[in-house]
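Below is one structure; the comments refer to it alone.
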Ligand code: ADP
């Protein structure tokens, strides 16, 4: 038997020397206008707001706040581009632009990764290895579809819808922009995109990439702004499609305001994903899957595995291993390549997390938080999990959208399925077991759009993503992602 060296445990405790990525690669302007008809210009509102670095609280730059008149200008610009160039252009030609955009994202990937980490607070390891490569991959993937739409399974001559209004959240800013734009453009639509108010930076850098790629003016217009700008987009009747990713609450408002219109809508909303660990699962791998499921991107993930359902017989073992692993997570400077967990995106989000964690404690669940030291400036929350959670607790029912896990137990596969489905949401679940037949049995009974087997939070442009129940409707990614942008 191999003997574990005596120094092993002390090796684990060694601290890492900082490995900082330089922020100097990102050259930000002091202010950014709205990207309409291929160039940046001032908003008609004459209003600006700051976008800040959540890890320090410092202002990164100032961006424009678009109002109704700007929405009108952007829609007109997109309409002109739709009629004059984009929808009439052969698919093969559109594909060339999308390939060019994908390559430019790759060329500027380091800059985009740093900008994303500065604006969002996510670790550079994630923006560099996940967000930005996946954003490029989405453009590459949909470039391939642009001249093959008649083979996508939506009829022999599928047509675009027209001008798409797209509203995205702050958790994966560039990636969500790519999820929305790439299929819409491949299908021949033009777009007006609104990034979230706390993370507009990479969408603005993407606008520069569109200029570099010589994308015809007006094909994509980018309006920075807050919820009011989003609401003005939804209220504008010049769109032929609205696509939204964000909270269930705002999704409901949008659904209501479009109810009486004929505008097609897709919604990708919240979640309360169950990560189900059976007693025959490879426990160490499953613990890594639990970590990925809830601490990836500070838990700011709609499909996060925020409810751990663990077979009762292995509960204590899993919790012991999880405790050790949580204590090893390095929380701190998002630009440090060693960092596992970065900053909470905004003080509003931090307050929401604190409120739900306090509810967990007062409802009687047992809290464990990593003893890591948190930076003195910026917005932070230590990786946390709760044991002794019951299904009726708020922390088991409401989306926390932070690095907080609720642990429940089950005894039989039937009980696991019943508990996993006992939620108004239905975005994603994970199943960990050595038995394929058991995984399939469970997966068939889970009411969620995505089921991961022996893995969690794995994304690929070829694979459709989306929810059921209050997690929304419509699919993004894969061949299915084209459907929401075609007149089928
Ligand atoms: P989160 O809860 O993740 O912060 P939100 O649903 O509040 O997400 O925001 C997601 C996106 O929706 C952002 O771009 C935000 O500006 C926008 N938004 C917020 N309120 C509205 C609204 N009433 N109508 C349209 N868009 C909105």
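Across the chain, the relative contact order, built from alpha-carbon pairs under 8 Å that are at least six residues apart, equals 18 percent.
Computed from the Cβ-Cβ distance with R0 of 45 Å, the FRET efficiency linking residue 437 to residue 42 stands at 0.15.
The three principal axes of the C-alpha atoms in the range 114-175 carry coordinate ranges of 45, 23, 14 Å, sorted with the longest axis first.
Could you order peptides 179-185, 400-406 by the average number of other Cβ atoms within 10 Å of their residues, highest first? Could the numbers behind the result be given before it?
On the way: 179-185: 28.0, 400-406: 26.4.
So the order, starting with the most tightly packed, is 179-185, 400-406.
For the range 321-416, the ratio of Cα radius of gyration to the globular rule of thumb 2.2 N^0.38 Å stands at 1.16. Peptide packing for 114-120, 131-137, 21-27 was compared via the average number of neighbouring C-beta atoms within 10 Å per residue; ordered from the highest value, the list is 114-120, 131-137, 21-27. Site pair residue 320 and residue 447 shows an inter-label distance of 3.8 nm when each label is modelled 7 Å from Cα along Cα→Cβ.
Among 245-254, 476-485, sorting by the average number of other beta carbon atoms lying within 10 angstrom of each residue, highest first, gives 476-485, 245-254. Remark: the range 364-488 is approximated by an ellipsoid whose semi-axes, taken from the C-alpha gyration tensor as √(5λ), come to 29, 22, 15 Å, largest first. The relative contact order of the range 271-453, computed from alpha carbon pairs under 8 Å that lie at least 6 residues apart in sequence, is 31 percent.
Residue 226 to residue 411: extension gain in nm, 0.36 nm per residue of separation minus the Cα-Cα distance? The partial results should precede the final answer.
Values: separation 185, 0.36 × 185 = 66.60 nm, distance 4.59 nm.
Full extension of this stretch gives 62.0 nm more.
Helix 132-145 and the long axis of the chain differ in direction by around 50°, with both axes built from C-alpha atoms.
Spin-label pair residue 338-residue 422: with each label point 7 Å from Cα along the Cα-Cβ axis, the two points sit 4.3 nm from one another.
Gyration tensor over the Cα atoms of the range 164-317: the corresponding equivalent ellipsoid has semi-axes (square roots of 5 times the eigenvalues, largest first) of 36, 19, 13 Å.
For the chain, the longest principal axis of the Cα atoms and the long axis of helix 436-445 meet at an angle of about 60 degrees. Measuring r between the beta carbons of residue 159 and residue 261 and using R0 = 25 Å, the FRET efficiency lands at 0.80.
How far is helix 109-120 tilted off the main Cα axis of the chain, in degrees rounded to 10, range 0 to 90? For helix 109-120, the angle is close to 70 degrees. Kirkwood radius, the chain, all distinct C-alpha pairs, inverse of mean reciprocal distance: 23.1 Å.
Distance between the 7 Å Cα→Cβ label points at residue 58 and residue 93: 4.6 nm. Taking a ≥ b ≥ c as the square roots of the eigenvalues of the Cα gyration tensor, an a/c ratio of 1.5 or more together with a/b larger than b/c marks the range 271-453 as prolate. For the chain, DSSP calls about 30 percent of its internal beta bridges antiparallel. Each 5 Å bin from 0 upward holds the following percent of the Cα-Cα pairs of the range 192-283: 3, 11, 18, 17, 15, 12, 8, 5, 5, 4, 2, 0.
Throughout, read-outs are computed from the coordinates displayed, never taken from laboratory work. Note that the structure is a prediction, hence the values are computed from the model and not measured. As a convention, Cβ positions derive from the backbone with ideal geometry for all residues, glycine included, and neighbour counts pool all protein chains shown.
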